[in-house]
Amino acid sequence: MTVREVAEAAYRESLPVLALSAVGGLFAGVVLSGMDAELEQVAGLLVLVPALLATRGNVYGSLGARLGSALHQGLVDPTFSMDDERVNAAVAAALANGVMVSGIAAVLAVALLGVLGRPSAPLATLVAIALLAGLISGILLTVAVVSVVFVGYRRGLNPDTLAGPVVTTTGDVVGVATLLVATRLVLALGGG
């Protein structure tokens, strides 16, 4: 294959996913714009949004890259099996990293707001919201990433081309939606 043919194939594979990514990003913005009440009620929540969304892309993008590399190298089969230690280890590491980084982001947000003299919800509230959103979104993103990478690979598509846009879009939509759900749940349970 020539360089041009490779570039054209990559463009054909990624263009539909990138278009869907733009629509998903807009949807995430609409959900975020509907969180006015929660953002007012939980001071500092808005500071968490970019950090939590960025970590979703980084952590689960790495998961997609690991799985794609393992598929290309023949280290894993393109079907998910609960007995596959490599896939299980990659998934467990991604979930643990995603939840842990969410909690750390909440602690840093409270510390930063304190240093800047800005109001902040109690540390326990922001950490609970971040951990709950991290766990729920992590589970959903893991299912999405593993499915897209394996199904795409089985259909002859390059998982490296698919994983990035899918993780970004799904991470934004799921991240904002789970942040909303986690915030409402923590507030309903008396956090605030």
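Structural remarks
- Residues located in the stretch 79-103, provided they are part of a helix (DSSP H, G or I) and loosely packed, with under 14 Cβ neighbours inside 10 Å: Glu85, Arg86, Asn88, Ala89, Ala92, Ala96
- Residue match in the stretch 121-128 (condition: in contact with a helix residue (DSSP H, G or I) (Cβ under 9 Å, 6 or more places away or on another chain), farther than 25 Å from Leu26 by Cβ and in a loop (DSSP other than H, G, I, E, B)): yes
- Members of the stretch 23-78 that are loosely packed, with under 15 Cβ neighbours inside 10 Å, outside any helix (DSSP H, G or I) and small (Gly, Ala, Ser): Gly34, Gly74
- Which numbered condition Arg118 fails, given (1) touching a Lys or Arg at 6+ places or on another chain (Cβ under 9 Å); (2) open to solvent by 50 Å² or more (accessible area, probe 1.4 Å): (1)
- A search for C-beta distances below 6 Å between a residue of the stretch 155-167 that is in a helix (DSSP H, G or I) and any residue that is at pLDDT below 80 and of a type in the set (Gly, Ala, Ser), counting only pairs 6+ apart in sequence or on different chains, returns Thr161/Ala10; Thr161/Ser14; Pro165/Ser21.
- Filtered by the rule that a residue be among the β-branched types (Val, Ile, Thr), open to solvent by 30 Å² or more (accessible area, probe 1.4 Å) and within 29 Å of Leu15 (Cβ to Cβ), the stretch 167-192 gives Thr168, Thr170, Val173.
The values are calculated or read from the model by the stated rules, or taken from the named source; none is laboratory data. Please read these numbers as outputs of a predicted model, since none were measured by experiment. Methodologically, a virtual Cβ is constructed for each residue, glycine included, from the backbone with ideal geometry; neighbour enumeration extends over all protein chains shown. For the accessible areas, the whole protein counts, side chains as well, though only heavy atoms, and no ligand, DNA or RNA atoms are used. Shrake-Rupley method; radii C 1.70, N 1.55, O 1.52, S 1.80 Å.
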